[in-house]
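One structure below.
The values are calculated or read from the model by the stated rules, or taken from the named source; none is laboratory data. Predicted model only: the values in this text are computed from it and were never measured. Cβ placement follows ideal geometry from the backbone for every residue including glycine, while neighbour counts extend to all protein chains displayed.
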Amino acid sequence: MPAYALFVVPLLIAVFLAFNMGASGTAPSFAVAYGANLIRKELIPGLFGAFVLLGALIAGGKVVQTIGGAVLPAAEMSLVVVSIVLLSSALSLLFANLLRVPQSPSQSTVFALVGCAAFLGSLQTGTLLLEMVPTRFITPIAAFVITYTVGGLLMNMKQKRLAESFDIAEGPQRKALQAVTIACSCYVAFAIGSNNVANSAGPLASLLVNELGMTADGSELIAGFLVVILIAPWFGIGSSFLGGRVLASTGRGIVSLGPTGATFIAFVTATLLLLASTLRGIPASLVQMNTAAIIAVGMLKKGPRRILSRGLVVRMVAIWMIAPLMALVISYALTALASYVGLL
């Protein structure tokens, strides 16, 4: 059998995962601009896909390496193992998308890796416990605290212009704010590319290195580059087909955002994600950061009780807990089945 034939199955699964990540990632990147009525819905997939690709190529290398070997050793990324990890993550993400709840692809992939590694007895806990787990909690909290603090200061100021910073602007300022907000949405898509493309590309790159016997002479970088080129465009395609459902839930389901508030949220969450990607190469949840920031604005405008009591917020938190655990269970079960039938 030709060597390239070995990669057809995991490649197709990786494409399916990227398709679902594109649907889920549309919300944290463009929900704020869409919710503020600053961009037409049909323009979002093209912009989203282009900037995801740029982010993956320019700033995604470290996260590809982390996903490809920090939880489950890269040497164990076989054809079957990679297929199981990617399929488990994709199914959990599809589950969240069908429920119109944005879900973190990074969490689903990491939990899928944990399930597979746990069965194989190869779980590496160093980076997982010391960096990945703290990052999961710290970044949404940071997004909430920064947004709530700065937004509260602005809203408490006496000047009317500053007091309405999170409301819809009108007049000549609107076009300038529209351009800045859309630019920040593209910045968020770039940050998603720097982090989330690795969920598909990381395991696939490790598989390519293992199966082709690549050495540490730069070939791994070439493999990662090729895989990113194959995977990243499917984010835009997924955004076209399924992104609108999730976009409506997040963009307008929690609170109506003005252009200034939308721009601020986009900048804060994308910056936090880029820092996680470029400084430590840690997969992080932009979905949760973005939603935490939107909830902070909602609390400032409507009060904590009215926002936290909404069914959408409760449903989001529930799915955030269920979907990653689903990925872990599916991954563990499929790995056990593969071992039982002699595929491992």
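A few remarks follow.
- Verdict on ALA284 being in contact with a Phe, Trp or Tyr (Cβ under 9 Å, 6 or more places away or on another chain), within 25 Å of ALA56 (Cβ to Cβ) and crowded, with 24+ Cβ neighbours inside 10 Å: no
Residues checked against (1) farther than 29 Å from GLY213 by Cβ; (2) of a type outside the set (S, T, N, Q); (3) without any contact (Cβ under 8 Å) to a residue 40 or more places away in the chain:
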{"site": "LEU12", "(1), (2), (3)": "no, yes, yes"}
{"site": "PHE51", "(1), (2), (3)": "yes, yes, no"}
{"site": "GLU76", "(1), (2), (3)": "no, yes, no"}
{"site": "LEU91", "(1), (2), (3)": "yes, yes, no"}
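- Per this entry, ALA14 is counted among residues that are assigned to a helix (DSSP H, G or I) and at pLDDT 85 or above.
- Flag for ALA205 being surrounded by 24 or more Cβ atoms within 10 Å (Cβ to Cβ), in a loop (DSSP other than H, G, I, E, B), at pLDDT 70 or above and not hydroxyl-bearing (Ser, Thr, Tyr): no
- Taking the criterion of being within 13 Å of PRO10 (Cβ to Cβ), in contact with a helix residue (DSSP H, G or I) (Cβ under 6 Å, 6 or more places away or on another chain) and not hydrophobic (A, V, I, L, M, F, W, C), the residues of segment 69-115 that qualify are SER83, SER88, SER89.
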